[in-house]
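As structure tokens, the structure follows; a few thoughts come after it.
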Amino acid sequence: MPKPSAELILLGCAVLVGLVQMLWATIAARVQQGMEWGRGPRDEARPLTGGAARLERSFQNFQETFPLHATAVVVVYLLAKAGPLSLWGSGLYVIGRALHPAMYYLSIPWTRTLVWFIAFTGTLMVVSAIFL
């Protein structure tokens, strides 16, 4: 079996970031909405507000970006195009996605946008490596 590239290991790290983010958003939601409501059929809506809503939106954003990034990493690996560009891009994605929920939760002006852009730049770097 071939040795996994550093990009694939970082992809595994991104999966862990996503799992932690999902747990954080879920716990914040249950605290706000109540365990009884969470265990039931949830027929009536209980919209999230404040930090719990921001964590949910951050996780939704992760769900939008992760499939694209993961696909790019796998294509780079399969085409044997891994190199410094894809490695740095993979690292930037993981760092940006790890910081995104905290910056969103804290609601510090511009920081959420900055870390989103860092992660997005990482994905663009990995995609660029496919074509170089």
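Data table
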{"quantity": "Filter result for the condition that a residue is over 17 Å from Ala6 (Cα atoms) and either at pLDDT 95 or above or crowded, with 18+ Cβ neighbours inside 10 Å (or both), over Pro84, Pro67, Pro47", "calculated": "Pro67"}
{"quantity": "Test: Leu55 is under 30 Å from Leu132 (Cα atoms), among the hydrophobic types (A, V, I, L, M, F, W, C) and modelled with pLDDT of 95 or more", "calculated": "no"}
{"quantity": "Identity of the residue in region 75-103, without any contact (Cβ under 8 Å) to a residue 12 or more places away in the chain and part of a helix (DSSP H, G or I), that ends up nearest to the chain's Cα centre (by Cα)", "calculated": "Ala102"}
{"quantity": "Of all residues making up region 13-44, the number that are more than 15 Å from the chain's Cα centre (by Cα) and aliphatic (A, V, I, L, M)", "calculated": "5"}
{"quantity": "Pair list, Cβ under 6 Å, 6 or more apart: region 18-47 residue on the phi < 0 side of the Ramachandran plot, other residue of a type in the set (D, E, K, R) and surrounded by 12 or more Cβ atoms within 10 Å (Cβ to Cβ)", "calculated": "Ala25/Glu56; Gln33/Arg46; Trp37/Arg46; Gly38/Arg30"}
{"quantity": "Test result for Leu10, surrounded by fewer than 20 Cβ atoms within 10 Å (Cβ to Cβ), under 17 Å from the mean Cα position of the chain (by Cα) and in contact (Cβ under 8 Å) with a residue 12 or more places away in the chain", "calculated": "no"}
{"quantity": "Cβ pairs under 8 Å, 6+ apart, first in region 104-132 and surrounded by fewer than 19 Cβ atoms within 10 Å (Cβ to Cβ), second part of a loop (DSSP other than H, G, I, E, B) and modelled with pLDDT of 95 or more", "calculated": "Ile130/Leu79; Ile130/Lys81; Leu132/Lys81"}
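The values are calculated or read from the model by the stated rules, or taken from the named source; none is laboratory data. Quick caveat, the model's predicted, so the values are computed rather than measured. Please note: Cβ atoms are built from the backbone with ideal geometry, for glycine as well, and neighbour counts cover all protein chains shown.
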